[in-house]
Amino acid sequence: MVYDAGSISVLEGLQAVRRRPGMYIGSTDARGLHHLVWEVVDNAVDEHLAGHGDHIRVVLRADGGVEVADNGRGIPVDPHPKEKRPAVEVVLTKLHAGGKFDQQAYAVSGGLHGVGISVVNALSVRTEVEVARDRAVHRIAFARGKRVEPLTRTGRAKGTGTTVRFWPDPEVFDATRFDRDTIAARLRETALLNPGLRMDLVDDRDGGAGEETFLFRRGLADFVGLLLGDEEPLLARPLLVSRRAEVDGRALAVDAAINWSAPGYGERVASFVNVIRTTDGGTHEEGFRAALTARVNRWARTDGPKRGDVELTGDDLREGLVAVVSVKMPDPQFEGQTKGKLGSAVMRKFVMEQVGDALAEWLEDDPASARKVVRKAQLAARARQAATAARELARGRKTLLDPASAGLPGKLAECSSRNPEECELFVVEGDSAGGSSKMARDRHTQAVLPLRGKVLNVEKAQLRRVLANSEIQALVKAIGTGIGDDFDYSRLRYHRVCLMADADVDGGHITTLLLTFFYRLMPKLVDGGHLYLTQPPLYQLRRGKVTAYAMDDGERDRLVKRTFRGSGAVDISRFKGLGEMDPLQLWETTMDPQRRTLLRVTVAAAERADATFSLLMGESAADRREWIEANARYAANIDA
Ligand code: 0RA
């Protein structure tokens with residue numbers, strides 16, 4: 001074969017890629033291998049962004065290769081004016097030729113992407129390209145970057161499009177098996193960011209494992225919905241931002257969808273630049289966060305609920321935040337080890353201003369939603385303040401609250417098992433109930449800690465005062481994990497912490513207080529599903545040898561009508577409190593794992609208690625029934 005000067009330099013270029021693949025695709029491990037797929041897919045996505053094509057199909061072939069087909073314009077096949085070779089051959093062999101000849105405003109470029117499909121070609125044992133264009137199919141093939149079959153017309157075509165097939169070189173990569181889940185996640189993400197673009201993934205390996213299609217109509221709103229999963233959203237509809245402007249002659253765009261998880265306290269923000277995920281954030285995320293904090297705070301100060309309340313920090317506002325921020329710009333600069341961070345300074349200000357303005361408008365237009373956001377952040381702010389207070393307190397009373405310091409509280413009736421997974425702690429209100437539950441329990445797995453209710457009068461109580469309380473300190477000590485930032489899950493001594501309070505107003509109060517305490521200072525205990533409410537009965541029904549218990553009036557009436565149907569009077573007694581039950585009754589109804597009803601406290605329930613607690617402070621309480629009903633709705637019955 002004879003090479004002209006141009007093709008020799010081309011080959012030298014691809015040889016350079018083969019000598020130092022890491023320079024072009026980051027690495028030669030699984031991550032680098034998948035970059036080959038992203039490279040080809042991104043080229044096809046660029047074609048869609050340019051207004052051509054709405055369907056991309058990725059096939060993981062049984063023979064180890066990958067095929068990416070699109071219905072764009074097709075890579076041009078006519079002779080390249082300077083190179084005197086078909087344009088498609090130039091695109092596949094010339095380094096940095098990129099996917100496009102014309103400089104597109106939003107074409108994927110910079111970072112690891114946009115190095116061109118020539119890099120894919122260089123690092124594959126074989127590459128085949130089929131172009132449908134001008135009513136014909138054209139085909140060309142390469143081996144390790146060298147053309148092995150010249151461009152030929154192979155048939156007639158109706159539409160247009162490009163199909164790239166490649167087999168990664170085992171001499172280059174540590175392993176050449178593609179991971180379907182990784183590719184599926186990426187294609188889903190791409191589809192979410194490009195409403196109307198259909199992405200298919202076909203896995204033909206292992207006897208044809210399946211086909212998935214990703215196609216979304218609502219774009220970022222769908223994306224946020226997906227990030228929320230089955231968590232309840234704070235806003236019925238996410239706040240959508242879509243703005244573009246020209247800055248210093250550069251066309252910039254920002255699209256965002258913003259919501260919050262009603263029960264959540266984590267933060268989920270996914271950001272993108274030119275449809276490429278920026279896993280390490282960067283200037284666009286910084287601008288977004290700054291806008292959120294500044295604008296919501298400004299609104300909260302002037303128009304928000306409870307004016308003059310605590311200043312909300314960015315962290316408070318981002319509790320439960322679920323958002324997608326997608327920006328577009330020409331020639332983005334990436335930073336960091338894996339180039340996952342946007343460095344272009346122009347984006348910080350642009351996103352801050354555009355998202356800021358959009359937020360300001362939204363806050364004005366939809367104050368009801370805005371109040372929801374502010375209220376959630378205010379709860380977070382109070383929790384933060386309480387945690388700080390707790391830490392300060394803990395520092396002063398290291399011996400009492402420090403999980404590492406020796407000794408268990410004197411009032412704790414410990415169980416004998418040392419396996420936390422099977423251990424349960426019953427936190428019991430009142431000394432007399434504490435006495436009977438100590439007698440009733442299964443000593444091997446059940447521990448009892450009595451708390452004196454009077455000491456825990458929550459009315460007008462401040463959380464920091466609650467923490468100074470020796471009863472609460474005993475509780476912290478018994479659980480073993482410490483609190484706030486010092487919480488250490490590995491020291492958890494009981495996998496079930498069961499709150500056992502009277503079924504009356506006072507009991508409801510104490511439970512509210514304890515739930516608030518756990519929600520604010522041991523959120524991981526709640527989140528991990530370790531916190532439970534016992535359900536002691538309100539009535540005992542007896543006739544002859546038959547005894548039954550009822551949790552409420554409804555159950556009592558049902559028992560009278562069914563179980564106790566027929567002649568003879570039923571003796572019904574009402575328990576005024578746990579203290580009235582004898583140990584056997586307590587065991588049968590409330591503690592025996594075989595017969596009791598335990599309600600697992602969800603994060604949503606604890607959060608609700610926290611809100612109730614704030615409302616209840618200093619006010620008269622809602623009655624017991626309402627309280628229990630409200631909470632029972634959020635707790636899942638785990639034993640029944
Ligand atoms: C160069 C120029 C044009 C399109 C493409 C490349 C192109 C590349 C790939 C890679 C995968 N799919 C692709 N589709 C198109 C513009 C063609 C024109 O102006 O007609």
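Where a number appears in this text, it was derived from the coordinates with a stated rule and is not lab data. Since the model is a prediction, treat every value here as computed from it, not as a measurement. Here the Cβ is made from the backbone with ideal geometry for all residues, glycine too, and neighbour counts use every protein chain on show.
On full extension of the chain, what length is gained from I572 through D442, given 0.36 nm per residue of separation minus the C-alpha to C-alpha distance? Length gained between I572 and D442: 44.0 nm.
Scanning residues 5 or more positions from A270 or on other chains, those with amide H under 5 Å from its amide H are A323, V324, V325, with H placed 1.01 Å from N in the peptide plane. Translational diffusion of region 289-357 was estimated from the Stokes-Einstein equation, with Rh taken as the Kirkwood radius over Cα pairs; at 25 °C and 0.890 mPa s the coefficient is 174 µm²/s.
When you count, for each residue, the other Cβ atoms within 10 Å and take the mean per peptide, how do 349-357, 129-137 rank with the highest first?
Numbers: 349-357: 20.9, 129-137: 18.7.
Peptide ranking by packing, descending: 349-357, 129-137.
Computed from backbone phi, the HN-Hα couplings of region 220-237 come to 4, 4, 5, 4, 5, x, 5, 5, 6, x, 9, 6, 6, x, 6, 9, 4, 10 Hz, rounded to whole numbers (Karplus: 6.51 cos²θ - 1.76 cosθ + 1.60, θ = phi - 60°; Gly and Pro given as x). Multiplying the residue separation of T152 and R237 by 0.36 nm and subtracting their alpha-carbon distance yields 25.3 nm. Across the cross-link table entries K94/K158; K328/K349; K84/K146; K545/K576, which are compared at the Cα atoms, the separations over 20 Å belong to K94/K158; K545/K576. Summarising the amide proton neighbourhood of F426: residues at separation of 5 or more, or on other chains, whose placed amide H is nearer than 5 Å comprise A447, V448, L449, C498.
Want the number for E422 to A294: 0.36 nm per residue separation, take away the alpha-carbon distance, what's left?
41.3 nm
The Cα center of region 532-576 and the Cα center of region 141-204 differ in position by 69 Å. In order along region 246-258, phi translates into HN-Hα couplings of 9, 10, 6, x, 10, 7, 10, 9, 9, 10, 8, 10, 10 Hz, rounded to whole numbers, per the Karplus curve 6.51 cos²θ - 1.76 cosθ + 1.60 with θ = phi - 60° and x for Gly and Pro. Every pair of different Cα atoms in region 476-553 enters the Kirkwood calculation, which places the hydrodynamic radius at 14.4 Å. Note that region 512-524 has calculated 3J(HN,Hα) couplings of 4, 4, 5, 4, 4, 4, 5, 4, 7, 10, 9, x, 5 Hz, one per residue in order, obtained from phi through the Karplus relation 6.51 cos²θ - 1.76 cosθ + 1.60 (θ = phi - 60°); glycine and proline are x.
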